[in-house]
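These notes concern the structure reproduced below.
The values are calculated or read from the model by the stated rules, or taken from the named source; none is laboratory data. In this text the structure is predicted, and so the values were computed from the model without any measurement. FYI the Cβ positions are ideal-geometry reconstructions off the backbone, even for glycines, and counts take in every protein chain you see. We work out accessible area using only protein heavy atoms, side chains counted, and drop any ligands, DNA or RNA first. Shrake-Rupley method; radii C 1.70, N 1.55, O 1.52, S 1.80 Å.
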Amino acid sequence: MRDIARKPGEMREHELTAPFGEKVGEGLAAVQPDEPAELDVRLESVHEGILATGSASVVARATCARCLTEFDLDVDVDFLELFAYDGASESDYLVVDDTVDVLSVVRDAVVLALPFQPVDRPDCAGLDPETGERLEPGTQLVPEETIDPRWAALQGFAPDLADDQSEDDAQASKKE
């Protein structure tokens with residue numbers, strides 16, 4: 001960037017492929033250290049520093065939150081960041097020795113784009129709670145109706161209520 005630094009209006013475009021060198025992300029989705037990230041970046045010199053805009057794509061290894069199947073997840077991010085010549089605050093990215101570290105900006109964008117609970121397909125039905133086997137897509141699990149043992153003694157009263165109600169209906173129709 002030495003040729004565009006401190007020359008407002010100058011611009012350079014680059015296509016790069018580089019691995020992050022460390023694991024990016026935690027939990028159910030993460031980019032492995034050796035996974036290459038493809039970057040399209042435009043560096044523009046402005047009065048305050050270097051404006052980096054672009055897009056990046058990388059493949060993350062994810063585990064489905066519903067059925068626990070591992071799958072590859074394509075992550076595409078866009079970024080826009082100003083690298084300042086002098087740091088007005090500690091949170092600014094800086095131009096150091098006429099270079100900018102775009103990879104740190106991309107890393108931050110990728111981490112924010114990783115889903116908290118990834119799914120391998122939108123219609124994933126998950127796992128059967130009794131057998132632990134993967135359910136077929138579109139399967140709707142209808143839980144078996146179980147009766148609380150504390151209420152089991154009341155089961156005998158349900159048929160009597162239905163009989164009483166039918167007798168009440170019969171008497172009401174006779175009165176009419």
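The table for this structure:
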| item | result |
| --- | --- |
| Matching option when the condition is closer than 23 Å to Glu22 by Cα, open to solvent by 80 Å² or more (accessible area, probe 1.4 Å) and either modelled with pLDDT of 75 or more or not in a loop (DSSP other than H, G, I, E, B) (or both), among Asp169, Asp108, Asp74, Asp163 | Asp74 |
| One residue from Arg66, Arg61 being assigned to a strand (DSSP E or B), among the basic types (Lys, Arg), closer than 30 Å to Pro122 by Cβ and under 16 Å from the mean Cα position of the chain (by Cα) | Arg61 |
| Qualifying positions in region 85-94 - under 32 Å from the mean Cα position of the chain (by Cα) and either modelled with pLDDT of 70 or more or open to solvent by 60 Å² or more (accessible area, probe 1.4 Å) (or both) | Glu90, Ser91, Asp92, Tyr93, Leu94 |
| Inter-residue pairs, beta-carbon under 7 Å, first closer than 22 Å to Asp98 by Cα and open to solvent by less than 10 Å² (accessible area, probe 1.4 Å) and in region 45-64, second aliphatic (A, V, I, L, M) and assigned to a strand (DSSP E or B), 6+ apart | Gly49/Leu82; Gly49/Ala84; Ile50/Leu43; Ala52/Val41; Ala52/Leu43 |
